[in-house]
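Worksheet for the structure shown next.
The values are calculated or read from the model by the stated rules, or taken from the named source; none is laboratory data. On a predicted model such as this, the values are computed, not experimentally measured, just so you know. Here the Cβ is made from the backbone with ideal geometry for all residues, glycine too, and neighbour counts use every protein chain on show. To get the accessible areas, we keep the full protein, side chains included, count just its heavy atoms, and leave off ligands, DNA and RNA. Shrake-Rupley method; radii C 1.70, N 1.55, O 1.52, S 1.80 Å.
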Amino acid sequence: MALNWYHKGVIYQIYPKSFNDSTGSGVGDINGITEKLDYLVDLNIDIIWISPIFKSPNKDNGYDVSDYYAVSDEYGSADDLENLLSEAHKRGLRVILDLVPNHTSTQHEWFKAAEKSKTNPYRDYYIWKKPDADGGPPNNWKSFFGGPAWTYSEQTGEYYLHLFTKYQPDLNWENPAVRQQIYDVMNYWLDRGVDGFRIDVVTLLSKNLDFDDIDENLGFRKVIENHYANGPKIHTFLHEMHEKVMRDRDAFTMGEGVGVTPENAPLYVDSNRKELDMIYHFDILENNIVDGKYDNVTEFNLVNLKSIFRKWQNVIENNGWIVNAFGNHDFARMVSRFGNDDLYHKESAKMLITLLSTLNGTLNIYQGDEIGMTNTRLTSPNQIDDIQAKNFYQENAINKKFSEQVALDMINNEGRDNARTPMQWNDSDYAGFSNTTSWLAVNKNYTSINVKDQWDNPESILYYYREILHLRKKHEVFYNADINELHHNHPSIYVYEKRNHEEMILVFLNFSSDYETVDYNFMQEYDYQVLINNYNNLDRNNECIKLNPYQSIVMQVNQAYNL
Ligand code: GLC
């Protein structure tokens, strides 16, 4: 497949509320992002994805849009956005916005009209059903954020569907007027210079119209895969979106692939089908989450992770493209989940980015991971901000399924607020994010983990990110090459060789806090040169390599060696 700038580029996700506050409101904003563009260029980022900045009552931090054409006042103005786009483009950066087409806010004009009467022209913009015989919801569907997926609306005596909170009613994509409205929104922003969209829960747009009850024993993951996502018309809709919006544009779509598997992913991203340009799948992020978010988490298992990567390679081999990420605004911090945020904080953060940078696909980094930001610790339920965590606490602790402390511990380990604490720019008050108390408390470790300290320090995580992203830009073999994985069943070592028509690299990663010896036949000493190493030493002979805890090494096989 011919690669475009968006396949090759590195995406950096900005959660605007927590990135940089330029006004002293305690909330990040668009001008705050513009101020940091040079930082992102120096970091070797190519594309910025900004989580939603449209008008919203913020029940789900912007993922509940009340006007797709207006920038939310707390983030700034349309002019600020225009300025951001032009400043970004001047620096060679591209900008994609977060589009939320599956649902609106209940405060959107369409919903307010739809709610009033059954004959309103906007009624059919949403999904309404009569109560069942006992007056309850029309079926047993559950929301992603707990509780039923239906809410009763007094005004007309019917229920509306919401796969997320009750403030986020699902749009009815069967209605051509709805689809056209969303295409108009997309065209509007693309005409203003936006370079594409991350499309929120795009796989949910087409619903199974029978609305049958779901087997209560099916785990939530299967419910999503088989009932909520991948509906019967999804590919028709996405192809139509491509034709009506994306076809002749130098822009791209990255679909949030909730419920997508390596088997059905090619249907979304095979470039011949002209639907999405890439899919952001969840098998990596959810590799230790059995089912549902908090109470069904297993130990991290590297053998399993390796098999996930192998399976997703098939999508790329079949003309598609994927996005690899270890973190975003919906998950706990990557170094806390998959690394060791205590004794081997630096080493493990560097090792994880080495893996992500050398996988085929687009690399997606979440703000703050480049300095190794860690999970935060809430000491009381009053500190929870995220609606998903609040609902979980409410349903489980208050109703005594778990003790209050156990529920809070689960939220501390897995909750979304972990990733949403303000960006740690320096060690001054409020971490340099703002000059006042921020909307969500700054993580207390900002005095030791921050951009300023790390910027010029060659030992730092940030320095390593800059270096490895630079290497990735220079060597296509990092993100687009044949891959040969060795030692499949080793529980703590990940080793692979990658080669394309002109280069070959070897990657050695130690996922444990122990020293590990790996057999590898290096043949002749002079054939290999180290491109990057997160330790200063390299302990190897011709037959094996001894890795320090969380060590990561990328070696290049010299050109002279016969590929
Ligand atoms: C996506 C977003 C998440 C949001 C949900 C509903 O999963 O990433 O933050 O809550 O969709 O829009």
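Just to be sure I understand the filter: pairs with C-beta atoms under 7 Å, separated by 6 or more residues or on different chains, first member in region 255-278 and open to solvent by 30 Å² or more (accessible area, probe 1.4 Å), second member of a type in the set (Ser, Thr, Tyr) and not in a loop (DSSP other than H, G, I, E, B). Which pairs pass? From residues that are open to solvent by 30 Å² or more (accessible area, probe 1.4 Å), the pairs are 277/6; 277/253.
Residues of region 439-460 that are in contact (Cβ under 8 Å) with a residue 60 or more places away in the chain, open to solvent by less than 40 Å² (accessible area, probe 1.4 Å) and assigned to a loop (DSSP other than H, G, I, E, B): 440, 443, 449, 450, 460.
Among the conditions (1) within 16 Å of the ligand (Cβ to nearest atom); (2) touching a helix residue (DSSP H, G or I) at 6+ places or on another chain (Cβ under 6 Å), residue 182 misses just one, which is (2). Within region 30-55, restricting attention to residues that are of a type in the set (D, E, K, R) and not in a loop (DSSP other than H, G, I, E, B), the residue that is surrounded by the most Cβ atoms within 10 Å (Cβ to Cβ) is 55. Scanning region 240-259 for residues that are out of contact with any strand residue (DSSP E or B) (no Cβ under 6 Å at 6 or more places or on another chain) and within 16 Å of residue 102 (Cα to Cα) yields a count of 4. Considering region 63-99, and only residues there that are in a loop (DSSP other than H, G, I, E, B) and among the charged types (D, E, K, R), the residue that is surrounded by the fewest Cβ atoms within 10 Å (Cβ to Cβ) turns out to be 91.
Can you tell me which residue among 463, 526, 535 is modelled with pLDDT of 95 or more, in a helix (DSSP H, G or I) and open to solvent by 40 Å² or more (accessible area, probe 1.4 Å)?
Working: 526 fails: modelled with pLDDT of 95 or more; 535 fails: in a helix (DSSP H, G or I).
Step by step, each of 463, 526, 535 is checked, and only 463 is modelled with pLDDT of 95 or more, in a helix (DSSP H, G or I) and open to solvent by 40 Å² or more (accessible area, probe 1.4 Å).
One line per residue, one yes/no per condition, for (1) charged (D, E, K, R); (2) over 30 Å from residue 217 (Cβ atoms); (3) within 16 Å of the ligand (Cβ to nearest atom); (4) in contact with a strand residue (DSSP E or B) (Cβ under 6 Å, 6 or more places away or on another chain):
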position	(1), (2), (3), (4)
65	no, yes, yes, yes
83	no, yes, no, no
110	no, yes, no, no
124	yes, yes, no, no
129	yes, no, no, yes
133	no, no, no, no
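Scan region 285-298 and give yes if some residue there is in contact (Cβ under 8 Å) with a residue 12 or more places away in the chain, open to solvent by 30 Å² or more (accessible area, probe 1.4 Å) and assigned to a strand (DSSP E or B), otherwise no. The answer is yes; a qualifying residue exists. Screening residue 304 on (1) open to solvent by less than 10 Å² (accessible area, probe 1.4 Å); (2) without any contact (Cβ under 8 Å) to a residue 60 or more places away in the chain shows it passes everything except condition (1). Residues that are buried (at least 16 other Cβ atoms within 10 Å of the Cβ) and in contact (Cβ under 8 Å) with a residue 40 or more places away in the chain within region 225-234 comprise 227, 228, listed in sequence order. Within region 141-161, take every residue that is modelled with pLDDT under 95 and on the phi > 0 side of the Ramachandran plot and give me the one that is nearest to the ligand (Cβ to nearest atom). Residue satisfying both the conditions and the ranking: 146.
What are the residues in region 325-345 that are in contact with a Ser or Thr (Cβ under 7 Å, 6 or more places away or on another chain), away from the ligand (no atom under 16 Å from the Cβ) and not hydrophobic (A, V, I, L, M, F, W, C), if any? Residues satisfying the conditions are 336, 339, 340, 341, 344. If we scan region 353-374, do we find a residue that is touching a Ser or Thr at 6+ places or on another chain (Cβ under 7 Å), away from the ligand (no atom under 16 Å from the Cβ) and part of a helix (DSSP H, G or I)? Within region 353-374 (the criterion being touching a Ser or Thr at 6+ places or on another chain (Cβ under 7 Å), away from the ligand (no atom under 16 Å from the Cβ) and part of a helix (DSSP H, G or I)), the answer is yes, since at least one residue qualifies. For residue 58, the conditions (1) within 16 Å of the ligand (Cβ to nearest atom); (2) at negative phi; (3) open to solvent by 20 Å² or more (accessible area, probe 1.4 Å) are fulfilled apart from (2).
Whether a residue is within 16 Å of the ligand (Cβ to nearest atom), farther than 25 Å from residue 240 by Cα and open to solvent by less than 20 Å² (accessible area, probe 1.4 Å) was assessed, and residue 165 passes this test.
Residue 392 meets each of the listed conditions (1) among the aromatic types (Phe, Trp, Tyr); (2) closer than 30 Å to residue 4 by Cα; (3) within 16 Å of the ligand (Cβ to nearest atom) apart from (2). No other residue among 411, 398, 384 is buried (at least 24 other Cβ atoms within 10 Å of the Cβ) and out of contact with any Ser or Thr (no Cβ under 9 Å at 6 or more places or on another chain) apart from 411.
Of the residues examined, residue 535 is not one that is at positive phi and either free of Cβ contacts under 8 Å to residues at least 12 places away in the same chain or within 30 Å of the chain's Cα centre (by Cα) (or both). A single member of 118, 112 is open to solvent by 10 Å² or more (accessible area, probe 1.4 Å), over 24 Å from residue 420 (Cα atoms) and outside any loop (DSSP other than H, G, I, E, B), and it is 112.
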